[in-house]
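The values are calculated or read from the model by the stated rules, or taken from the named source; none is laboratory data. Small disclaimer: the values here were computed from a predicted structure and weren't measured. Cβ sites come from the backbone with ideal geometry, for glycine too, and all protein chains shown count toward neighbours. With ligands, DNA and RNA removed, areas are computed over all heavy atoms of the protein, side chains included. Shrake-Rupley method; radii C 1.70, N 1.55, O 1.52, S 1.80 Å.
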Amino acid sequence: MNANQFIITPIVGIFSACLFAGCASSQHQLSPKHVQPSAIVKTNLLVIHADQGKNTISRNIYGQFSEHLGRCIYDGIWVGEDSSIPNTRGIRNDVVAALKKIEIPVIRWPGGCFADQYHWEDGVGPRDQRPKRINTSWGGVVEDNAFGTHEFLDFCDQIGAAPYISGNVGSGTIEELAEWIEYMTAATNSVISDLRRKNGRAEPWKIPFVGIGNESWGCGGEMTPEFYSDNFRRYNTFVKDYPGNKIYRVASGSDGDDTNWTEVLMKNVGPRMNGLSLHYYTLPSGNWSKKGSATEFGEADWFATLNHALRMEDLVTRHSAIMDRYDPQKKVGLIVDEWGAWYDVEPGTNPGFLYQQNTLRDALVAGVTLNIFNQHCDRVKMACIAQLANVLQSMILTDREKMTVTPSYWVFEMFVPHHDATLLPSELKSADYTFNSQKIPAVSASASRDKSGKIHVTFCNLNPNQSAEVAVDLQGAKSQKLSGQVLTAPEMNAHNTFDHPDAIKPVDFSAFKTTDAGFTVTLPSKSVVALEVE
Ligand code: AHR
C-alpha cells in the first residue's frame, strides 16, 4: 500500500490496519459488464460516526433554478391551456409528475440575469393583454409574459415546492419590489392585494424566500460590493413580512472566487440578510469561449470536468471561513443558488438558449457537488442547480410532446433520503484517480441518518476505468441489512434521448458485504451509488 496514493478529506484520525486487511479479502459480486476484477482499487476507507450527528442537511440543498431562458419555461414547463400536450392550467403534466418524484423542495424564478430585467406587473392579469417584451438577457426573443406570478406559484403548488422569488434590483425600483411582495403575500385589503384578488387569487401565497438581486456584480447591474451592500439595505427595508409570511432574504453573492465580495457583504450587510448566495459553474475547459461538448468528449474532458466540479469544496470552504469570522454562530446561510455543468450548446441550437445534453458525467458532477453540500450543511442552507428544464445541467429535456429525464435527475432521486436528515460526520481516505499526471480523489461520499433511524450513504466513483472498493467503518451503529441503487453505464457519455429515454437510469445494487466494522462496498467505475443501512 503506497501512502502517497491517498487523499484524506478531512484530516483522518487513526485507522485500523485490520480494517484494510478485512477489506482486501472481501469477495464481491458485481455485474461483469461494469467490473474487471483486476481493476478494483481496494484502498479506500470511509469512517462514519453514526453516533455523532448534530447538523441537519436542509432539503433546500436539493433546490432547482428555472429562468426565462431558452426553453426552460416555455416548452419545458408551460405549454398553455390550449395545448394538445396534456397540461393542468397550462403546465405540463408529464414534467410535474417527474418532478414530484424527486421531491423538489424549492424553485428559484424568474432568473438569473432575466430577474434584473423582469417587471412583475407584465406577468399578471389576462394573458392576452400582457405586454410583449424583448428578452434582452437571452437570445433577444419575444417574451409574451404568459408565464407570470400566478402561473409560477401554481407550478410550485403542483409539484409541492416552495417558491424562491428573485427580485429585480438591477433595473427595477424599490417600490416595484415592495409591491410585488405585497401582491403575493398581503391578506389586508389594499389596491395591490385587491389586484391579486381581481386576477383570480383570493388568499395570499406564502413566499418563504426572496433574492434581492442576482449577480449584481455582473448582469444585475455591474455594482461594486460596497454599492450593492447599500442597495441591499435600501431594497430589503421595503421587503415586508406581511402577517403570516416570514421571508428569508438572500443577498446577491460572489462569482466563484471573489472572496472580497463576501467579505464586504458580511461586514456591511451582516445579519440583515439571512442568506448570501454563491454562483459557480463547472466548465470542462475553464474557458467561456470554448467550454467543451456535452456529449463528445474523451477521458481528458471527463477528468477536467470532475476536477472543476470538485472546486466547489474549496469555494464553499473559503467563503464559509470568511462568513465564520463575522457570523460564528452560522446564522447567515451560504446559498449556492446557481451551480452545474456548462458546455457548448448542442450543435444547431440557438446559442442564446443554452440547451445541452446531459450524460453520466453530469450525474457525477451532481453527485460530488451534492456530497460537498451535505458535508457543509452547517453553512450551506440552500442550493439550486441550473436549470430545471432544457437549459444547462437540466433534470428534464423536452421537445414539444416528447420528454425525458436526465442522469442528473436520477442522482437527485437517489439523494432524496438525505433531505432533512442528520449529517453523520465522516472521514474519507480515497485512492487517487490519476490522469496525465494530475490527481483527484477517486471517491466522494456523504452519510446521513433519516428520521426513522436508517442510515443513507451516497458514493461517487470518479474513475472511469477502475472500480473502487470502500471499507466502511460504521462507528456507533450496526449494519445488519443493506440495500442500494447504482447509476452507471458502459460509456462515459451515456445519456437519455427522446427515442431511448431509459438508456441510463438507476438499478438495484448489491455489491456490498457486512463486516465486523461495518461493511465493504465495491463501486463500479464511473458510478453513483446510494446505500440504505438498517
Ligand atoms: O444560468 C444562466 C445564467 O448564469 C444566469 O442567468 C446568470 O445568473 C448566470 O450568469
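Residue count for segment 467-482 satisfying the condition of being of a type in the set (S, T, Y) and buried (at least 22 other Cβ atoms within 10 Å of the Cβ): 1. If the condition is being among the β-branched types (V, I, T) and either closer than 30 Å to H419 by Cα or touching a residue at least 60 places away in the same chain (Cβ under 8 Å) (or both), then segment 161-194 contributes I165, V169, I174, I181, T185. Scanning segment 245-286 for residues that are closer than 17 Å to R311 by Cα and away from the ligand (no atom under 16 Å from the Cβ) yields T259, P284, S285.
Condition check ((1) among the charged types (D, E, K, R); (2) in contact with a Leu (Cβ under 9 Å, 6 or more places away or on another chain); (3) surrounded by fewer than 16 Cβ atoms within 10 Å (Cβ to Cβ)) across all residues:
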position	(1), (2), (3)
A50	no, yes, no
V79	no, no, no
N87	no, no, no
T136	no, no, yes
V141	no, no, no
A146	no, no, no
E151	yes, no, no
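Does A489 qualify as being modelled with pLDDT of 95 or more and outside any strand (DSSP E or B)? Yes.
The criterion of being in contact with a Leu (Cβ under 8 Å, 6 or more places away or on another chain), farther than 21 Å from T43 by Cβ and open to solvent by 40 Å² or more (accessible area, probe 1.4 Å) does not hold for H456. Give me a count of the residues in segment 109-146 that are away from the ligand (no atom under 16 Å from the Cβ), touching a residue at least 12 places away in the same chain (Cβ under 8 Å) and part of a loop (DSSP other than H, G, I, E, B). Residues in segment 109-146 being away from the ligand (no atom under 16 Å from the Cβ), touching a residue at least 12 places away in the same chain (Cβ under 8 Å) and part of a loop (DSSP other than H, G, I, E, B): 9 in total. Looking across V264, V332, V269, one residue alone is modelled with pLDDT of 95 or more and under 20 Å from the mean Cα position of the chain (by Cα). It is V332. Which residue pairs have Cβ atoms closer than 6 Å, lie 6 or more positions apart in sequence or on different chains, and pair a first residue in segment 465-491 that is touching a residue at least 60 places away in the same chain (Cβ under 8 Å) with a second residue that is open to solvent by less than 60 Å² (accessible area, probe 1.4 Å) and among the aromatic types (F, W, Y)? Pairs found: V472/F519; Q485/F509; L487/W410. Screening S448 with (1) touching a Gly at 6+ places or on another chain (Cβ under 7 Å); (2) open to solvent by less than 10 Å² (accessible area, probe 1.4 Å); (3) not charged (D, E, K, R) gives one miss only, at (1).
Condition check ((1) open to solvent by 20 Å² or more (accessible area, probe 1.4 Å); (2) outside any loop (DSSP other than H, G, I, E, B); (3) closer than 16 Å to L334 by Cβ) across all residues:
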site	(1), (2), (3)
E176	yes, yes, no
G200	yes, no, no
C219	yes, no, no
E222	yes, no, no
K246	yes, no, no
S254	no, yes, yes
W261	no, yes, yes
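Scanning segment 202-217 for residues that are within 16 Å of the ligand (Cβ to nearest atom), in a loop (DSSP other than H, G, I, E, B) and on the phi < 0 side of the Ramachandran plot gives N214, S216, W217. Answer yes if at least one residue in segment 234-243 is closer than 18 Å to R108 by Cβ and open to solvent by less than 10 Å² (accessible area, probe 1.4 Å), and no otherwise. Yes, segment 234-243 has at least one match. Within segment 56-82, the only residue that satisfies the criterion of being within 16 Å of the ligand (Cβ to nearest atom) and among the acidic types (D, E) is E67. I372 meets the conditions (1) open to solvent by 30 Å² or more (accessible area, probe 1.4 Å); (2) not in a loop (DSSP other than H, G, I, E, B) in every case but one. The failed one is (1).
One line per residue, one yes/no per condition, for (1) among the acidic types (D, E); (2) under 25 Å from Q356 (Cβ atoms); (3) surrounded by fewer than 23 Cβ atoms within 10 Å (Cβ to Cβ):
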position	(1), (2), (3)
G484	no, no, yes
P490	no, yes, yes
N496	no, yes, yes
D502	yes, yes, yes
D508	yes, no, yes
K513	no, no, yes
T520	no, no, no
V528	no, yes, no
V533	no, no, no
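Checked against the criterion of being under 16 Å from R249 (Cβ atoms) and more than 15 Å from the ligand (Cβ to nearest atom), the candidates L306, L315, L334 yield just one match: L334. Each residue in segment 382-439 was checked for being open to solvent by 10 Å² or more (accessible area, probe 1.4 Å), at positive phi and touching a residue at least 24 places away in the same chain (Cβ under 8 Å), and 3 of them qualify.
On the given criteria, is W288 closer than 29 Å to P110 by Cβ, open to solvent by less than 30 Å² (accessible area, probe 1.4 Å) and either aromatic (F, W, Y) or without any contact (Cβ under 8 Å) to a residue 40 or more places away in the chain (or both)? Here the answer is no, as W288 does not meet what is asked.
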